[in-house]
1. Looking at A:Glu587, A:Glu641, A:Glu548, which is the one that is in contact (Cβ under 8 Å) with a residue 12 or more places away in the chain, under 30 Å from A:Tyr184 (Cα atoms) and surrounded by fewer than 16 Cβ atoms within 10 Å (Cβ to Cβ)?
2. Determine which single condition A:Gly763 fails, assuming it passes every other condition in (1) within 13 Å of another protein chain (Cβ to nearest Cβ); (2) modelled with pLDDT of 85 or more; (3) assigned to a loop (DSSP other than H, G, I, E, B).
3. Kindly evaluate A:Thr761 against the criterion of being more than 15 Å from A:Arg23 (Cα to Cα) and free of Cβ contacts under 8 Å to residues at least 60 places away in the same chain.
4. Which of the residues belonging to segment A:6-27 are of a type outside the set (A, V, I, L, M), open to solvent by less than 20 Å² (accessible area, probe 1.4 Å) and either closer than 20 Å to A:Gly49 by Cβ or without any contact (Cβ under 8 Å) to a residue 40 or more places away in the chain (or both)?
5. Name the pairs: first residue in segment A:713-736 and within 7 Å of another protein chain (Cβ to nearest Cβ), second residue open to solvent by 20 Å² or more (accessible area, probe 1.4 Å) and assigned to a strand (DSSP E or B), Cβ to Cβ under 6 Å, at least 6 apart or on different chains?
6. Quick check, is A:Glu533 open to solvent by less than 90 Å² (accessible area, probe 1.4 Å) and in a helix (DSSP H, G or I)?
7. Looking at segment A:197-208, can you tell me whether even one residue there is in contact with a Ser or Thr (Cβ under 9 Å, 6 or more places away or on another chain) and either within 13 Å of chain B (Cβ to nearest Cβ) or polar (S, T, N, Q) (or both)?
8. Please list, ordered by first then second residue, the pairs with beta carbon atoms under 9 Å, 6 or more apart or interchain, first in segment A:377-393 and more than 20 Å from A:Glu452 (Cα to Cα), second open to solvent by less than 100 Å² (accessible area, probe 1.4 Å) and among the basic types (Lys, Arg).
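The values are calculated or read from the model by the stated rules, or taken from the named source; none is laboratory data. Note that the structure is predicted; figures quoted are calculated from it, not measured. So basically every Cβ, Gly included, is an ideal-geometry build from the backbone, and we count neighbours across all protein chains shown. These accessible areas exclude ligands, DNA and RNA; they are computed on the full protein's heavy atoms, side chains included. Shrake-Rupley method; radii C 1.70, N 1.55, O 1.52, S 1.80 Å.
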Amino acid sequence: MIIRSVELKNIRSYREGIIEFPRGRVVLLGDIGAGKSTILMSIEFALFGLGDQDGSSLLRVNENSGHVILEMEIDNRIYKIKRALKRKNGRVTQDKVIIEENGRAESFTPTEAKAYIMKILNYNEPLNPRARSTIFRYAIYTPQEEMKKILNANPEERKKTIRKAFRIEDYSIARENSKIVIDYLKEKHDYYSGKGVGIEEIKGEIEQIDKEIYEIDKEIGNELEIFNKLNIEINELNVKIERINEEMKEISEKIGRLTLRKKDLDELNSQYEDLNKEIEKAEKDLKKLYEGHEKNLIIREYRKDEIDNELNEIDKKIRELNEKRGELKSYEGSLREIRKNKEELKKKIDINYIKKLESEVENLRSEILKISINKPEKSKEELDRMEKEIEKEIRSMIKKSENINSKISDYEAILKNGICPTCDREAKPEDFISRLENKRMEKLSIDKKLEELEKRKDEIKKEKENISNYEIYAAKLDILQAKENELKEKRQDMVEKEEKLKEYQGMEEEIEEKLREISLIENNLRLMESKKEELRKIRLKIEEYEKEENKIELMKREIESKKKELEKTFARIESIKKEIMDLEQYENMMEKKKSEHDELKDNKEKMDKERERINNNIITLNTRKNEKIKLKESKLNEIREKERSLRLAQRYMEYYNWIIEVFLPALESIEKTILEMRRMEFNESFQRWFYMLVDDPTKTARIDEDFTPIVEQDGYVQEMEYLSGGERSAVALSYRLSLNSVVREVSLNDGENLLILDEPTDGFSSEQIQRFPEILNQTRSDQVIIVSHEADISRLADYTIRIRKDNGVSYIINSGNF
Amino acid sequence: MGRFSHISDVHLGAFNDPYLRKRNIDSFIWALEKSLEENVDFIIISGDLFNTPIPDVPQITNAIKKMREIVERDIRIYAIYGSHDYSVTGSSIYSILVAAGIISDLHRSREDNGKIVLEPVVDDKTGAYIYGMYARKGAMESEIFEKITINPPSDVFKIFAFHSAISGISKDMQFNMPEIPISYIPKNMDYYAGGHIHERIEMDLPEYGKMVYPGPLFASTFVDLEKIAKGGSCGFYIVDFSKGINKIEFIENEIIRPELVEINANGKIPEEIMREAISRIEALQLDGRYLLLKIWGELSSGRTSEVDRKKLIEIVKKKNAAGININVSQLTSREFKGIEITNRNQGNIELEIFEKFLKQYGGKNESLIGERGKNIAISLLNLLRIEKNDNESGPDFKNKIINATGKIIGEEEWK
């Protein structure tokens, strides 16, 4: 953190004031009570609020509001904190806090602001609203009073403060909080071990259940024996019934076949009849077909393949003619294109425009001939310059003339009154007669010159007018030139276009010639098509004749096959008649088997009923057994649950023991070790500072286990009260710097660049003050703010801010001009 | 015939303890008065008249008054700068006293061809030739010593006053002080008035002469006081001379005879030390005497600060002792010696110690030993080291801890 500025309004002895802090060593110099510490208090207030401090100790007496604005820089970011105080009903409280970060402002409650600032500062410490920041207090700014309190405290109190500053408290807090964990583990252990009680009783109950299950199993065994015997008998009966069923099935199959065969015979008889009729009809149809066919014999003179060849030849020719026609047709498009281009070109040839241009050019020419001006010799700029020079000369001449006029009037006054109007002394008029004459001559010459100059000026004016006329003439000439050029271009363009038109005309005639060929081709095509049609008709007739011939052949073959089928049907009728006679004996056998089957079935039904009764018995027994097994299972679960509880109880006990035997003793040891380590660091730092400040090899200093500073001479402890002022101050400053550096190491990872020292050199000898800058260098702080009432200190500072108090009001002097 | 006092290492202003500081000043006044009584012609102080270049003036006012009285009685006080009198800034009380004519500085020299020729101060009463060589801190004067040369007449009494340790002379090298070789010291003097070594030395050196170091007039350190307590002596010399030395006499300073009590603390606890110290103090006759109590060794337990110095001081005061000073610089405690700090990183220390305790732990649960045990310990520590927030209720805080503990120990997985 680097402090950039602090602004106070109605804070303690300040009405208002702004202090700008540069980097480096800044001394706040002022007499005791001038208001130096108020600035430090304000910095702390701006950062962390009031803490346990009473607001009325900060707000200026008789004022109702006041504020502190602190501007600081952290990691290249600028923060501005405004904390305000207000008095209401006699009480002073904090108002809302405004924090501006890189120009963006936000409002906070005092507590929120503190938390936010702690975060910005990276201070990791508990947010106690009744305290300010321990880290700030010990790493950056330890007020002189606080320092005295630490040094003068009894060892126990000092150690307590140091432990707090070094975050050693963490371990005792952890030990204290461990009690919650211990109680919890113990409570859990007791709960689960309570739940685990009574396993043996449940085991006895399970034994009883096992006995009952055994008895039921025995009963089930007996019933099962009877059941199995019955099963065997029923099975045998079933086999017999099955066999009779098989036989009956076979018989009924035979009977079924008899019925089928009778039906088959009927069908075959009617088939035989139908076939006879069909043969008769076919023979009649064949005879009729033959008669018609004989008439078409003539068609046999033509051959189908010859006709096909001729047709192919004609098709080829048609294709060729079509191609030729297509080719010629494509010229129609080109013709349209040419005609269109021709029309467009005709439109583009604009004779009227050319005529208009010609008349414009003619007009311009005659206009220009009328103007005809010579080119001026001088440029306008030159003439301007000359005009200015002449004007300058005219001005100077006029001035001269005025001077001479005044001289003339002076001399005339002398001639008239004999007194010099300039110096009011007497003057002899005769001395001035020739002078007056000279002056008058001089005036004449100047007036003449002036006249010439005016004339010259007029000439220049005319020349300038000539230039502007010439500019108009030149512009017209330019226009004429442009128009003539355009006319020339247009004429050239028209000639080119007419040539192109002729070219199009030739092309058009050529294409029209070609298109006339198309109608010839089309006639030819029509001839070819009619010949082709004729050939196709003949070919169709040949095909028809061939079809009829095939049909006659087919009918003959059909009649032959039907006659063969007729013979086969007759043979099958004979064989079925024989089979029917064999099958008719099975109809009697079926009655006998049916009565045998009914008797066996009655027997089996009786046995089935008996078996069902026994089965129901067994089911009842099994249900009872299952209930017992379920009961046993639930008892076993109960045991398992209790065993699990006991295991958990043991687990909790293990953790409990571990906390007692490992965690807590380790914490104690860690605490001791860390404390000792910090003490060593503190001691090393303390010795180093003391050595730098006290130049006496027989004197050494150290920090004992209670963080008490001890100065020894030749090993003999030198009581604080006997130390010299310089030595006592050295102890205090060494202790303070060591505290700062260790707290920085502990809480801020050594990442702080601000140090505030409150009266650090109080009691120093002048030699010690000489060594002070070296000490400050060693603190490795970018900004050190030192509050001091000793003027010597400001010699060692980069910048001094003086604080003065007049009539109870503090003023900041020479702040800001660094 | 002549007679002079040779005083050295007075160290006015030494000691923080007002009693000792006063005794030191008293000793100097005594030595001056004694010299007056013995009718000396002049006094030589061989350096370190003051303990610091600018001591606390009110404390030494009486001593300076006495010096002026001596000088007014026509007894010259010759002196040289000792290592403690000298200040690089040039401002010292010594230089003021020289300017005031109370002290006559003996160092006179001129350069001659790279050599430094020492010039004598001739005592107007006795005609003795006295040469002086000043001292600087850390024997920085040795560079000059190497170059000095003296050309004294042969028939006069010659004294060479200096404030440096000469190699091989002292038996007791308490400060391990830098020395200069004897070859740098000019030969053939009648009396070598030495200073700087806090030890009484008197010897005849061949080619040189009588070499005398009186040692401190009183004491400037506790080591000096311990030496006196152990039977050593302090004081100054009175020398009679004519052409050569006739007689030299050591005048012992009996202003102080401190008592030294040493207690070996090895294997004891602070309470035992206190008991022993009290009983030994009680057994002593301490009326008007100064007690040096030295406790050293390693306590078996407890803190060294438990040796209650304040209480011991009280007891000693009640016995009308002149004062007490306690040395516990060599007292250590096993309890803290046992704390080995191999690592200066707080997090690593936590890990190391948990590791150590976990190794000693007899439990069998694998979650609680080894790496897993360490992780649980660290997680628990990080959970428990955070104090209850002010805006958090007690039960809320407790629940937060219990829930987080459950997660750390993996309670859910047990069920």
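1. Within the list A:Glu587, A:Glu641, A:Glu548, the selection yields A:Glu641.
2. A:Gly763 satisfies every listed condition except (2).
3. Considered against the rule, which asks whether it is more than 15 Å from A:Arg23 (Cα to Cα) and free of Cβ contacts under 8 Å to residues at least 60 places away in the same chain, A:Thr761 comes out as yes.
4. A:Asn10, A:Tyr14 - these are the residues of segment A:6-27 that are of a type outside the set (A, V, I, L, M), open to solvent by less than 20 Å² (accessible area, probe 1.4 Å) and either closer than 20 Å to A:Gly49 by Cβ or without any contact (Cβ under 8 Å) to a residue 40 or more places away in the chain (or both).
5. That search, which allows pairs on different chains as well, returns A:Gln713/A:Lys699.
6. In short, yes.
7. The answer is no; no qualifying residue exists.
8. So the pair list comes out as A:Lys380/A:Lys464.
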